[in-house]
Amino acid sequence: MADQRELHPLVEGQTSDEARPGRAVVTGGAGFLGSHLCEHLLDLGHEVVCVDNFVTGSPDNIEHLRSRRGFTVMRADVSHGVTVPGPVGYVLHFASPASPVDYLRLPIETLSVGSRGTFHALDLAVHKGARFLLASTSEVYGDPSVHPQPESYWGNVNPVGPRGVYDEAKRFSEALTTAYRSTYGLDASIARIFNTYGPRMRPDDGRAIPNFIAQALSGKDLTVFGDGLQTRSICFVDDEVAGLVALLMSHHPGPMNIGNPDEISMLDLARKIIELTGSESKVAFDPLPVDDPRVRQPDVTLASRELGWTPQHSMTDGLQRTIDYFRSLRSSAPGLVTT
Ligand code: NAD
Ligand code: UDP
């Protein structure tokens, strides 16, 4: 059988690592994680093209980067295609609604960017001879029956439950990335990102940490869903970005868990945020969303062994920095930080 690598209509030619230009395309670059990635790559001396349709991201997240040399912004919906003139060394596919509130409001868009959008981002990488990094998620493990979760665990996802639009889009994007790697020889890697938090999260994006901080700062009850005993393992954004860039610069195909194994129940997290903000707020219990995973914790043995990466920020330090950011938002736009 002929080598399928030669059959892809878009291949311009293989680029060796030595010849690879430092220009990076970041889809979803105006989002929470994407904007930090753009900034970090610029700090490392790369040119960066941010591609975003601003469906959940914001121009404010990248405003401070606009004057940086080598930074370009393209408004485009990756699900419809992505064309970037000139050489590209890296394609980082981060475009996708990520908060449950966002993807439940945008189910078709989420499935579309995970499927069509991933085809387009992969085609761009093949066309340019670029290295490709997929932003996958711990959600591929669903409501896990193995704890903590190693990369070898296949997951427990309900495809027709409300979260299926996100989980299955990401599982499909992993399968597609793997097929491009084996079929076209694409230098591609899959990162499974666990719950990440920090400055530039939208106060109204609906995830637990921005909700709890915004509620604590405005003296409202913190809305803990269910009995609050479900756990997440939370990673400060600077640590997450360091791990993702280390994976990007490596030759490892993944999938690789990138997250902080620091596990906490949502009730304890709410109490900790009340304590750190010095708020008078109380905890209020609301119904648990359908299919909400009971536990989640990354096994990061692989990342630590292959990349020498481990998270550096303690939970207290990361939360304090995030609280400071939300406070600064409140002082610049007092009406903004409410939920
Ligand atoms: P976010 O919503 O802040 O950022 C997503 C960005 O993608 C936004 O700027 C949005 O406008 C853009 N986008 C969405 N659809 C698009 C489209 N069709 N075309 C162009 N741009 C589009 O979310 P985030 O938390 O920064 O997540 C970024 C990526 O990381 C997502 O792929 C998400 O699945 C993944 N991830 C994040 C976490 C986390 O804890 N933050 C965890 C696991 C995986
Ligand atoms: N959660 C909560 N209160 C909120 C928002 C979320 O108790 O105001 C819970 C949610 O049910 C889940 C956990 O916090 O068990 C983490 O939710 P998040 O949306 O941050 O992330 P994900 O569910 O995608 O891991």
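Where a number appears in this text, it was derived from the coordinates with a stated rule and is not lab data. Model, not experiment: these values are computed from the prediction. Here Cβ is always computed from backbone atoms with ideal geometry, including for glycine, and neighbour counts include all displayed protein chains.
Structure summary
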{"read-out": "Built amide H within the under 5 Å cut-off of residue 29, gap 5+", "value": "51"}
{"read-out": "Sites matching chymotrypsin sites (Phe, Trp or Tyr not before Pro) across the stretch 112-176 that sit in DSSP coil, with at most 13 neighbouring C-beta atoms within 10 Å", "value": "154"}
{"read-out": "Selected from 49, 245, 290 as most flexible by GNM, with the chain as the system and alpha-carbon contacts under 10 Å", "value": "290"}
{"read-out": "Under 5 Å, built H, 5+ apart or other chain: amide partners of residue 149", "value": "297, 299"}
{"read-out": "In sequence order, calculated HN-Hα J values of the stretch 73-84 (Karplus, 6.51, -1.76, 1.60; Hz; x Gly/Pro)", "value": "10, 10, 7, 7, 8, 4, 5, 9, x, 9, 10, 10"}
{"read-out": "Gained length - residue 227 relative to residue 116, 0.36 nm times residue gap less alpha-carbon distance", "value": "36.2 nm"}
{"read-out": "For residue 189, distant residues with modelled amide H under 5 Å away", "value": "132, 133, 134"}
{"read-out": "Gap separating the Cα centres of the stretch 126-166 and the stretch 262-339, nearest whole Å", "value": "21 Å"}
{"read-out": "For the chain, calculated [θ]222 nm from helices alone, where every DSSP H run of n ≥ 4 adds -39500 (n - 2.57)", "value": "-11500 deg cm²/dmol"}
{"read-out": "Loop sites in the stretch 258-339: GluC sites (Glu not before Pro), DSSP, at most 16 other Cβ within 10 Å", "value": "280"}
{"read-out": "Pair-distance profile P(r), taking every C-alpha pair of the stretch 152-246, with 5 angstrom steps and integer %", "value": "2, 10, 13, 17, 20, 16, 10, 5, 3, 2, 1"}
{"read-out": "Radius of gyration, Dmax [the stretch 35-85; alpha carbons; angstrom]", "value": "11.0, 30"}
{"read-out": "Value of Rg/Rh across the chain [Cα atoms, Kirkwood radius]", "value": "0.96"}
{"read-out": "DSSP-defined beta bridges in the chain - what % are antiparallel, rounded to 5", "value": "10 percent"}
{"read-out": "Lys pairs under 25 Å by Cα in the chain, provided they are eight or more residues apart or on distinct chains", "value": "4"}
{"read-out": "Sparse-neighbourhood loop sites, trypsin sites (Lys or Arg not before Pro) in the stretch 243-331 - DSSP loop, at most 13 other Cβ within 10 angstrom", "value": "282, 294"}
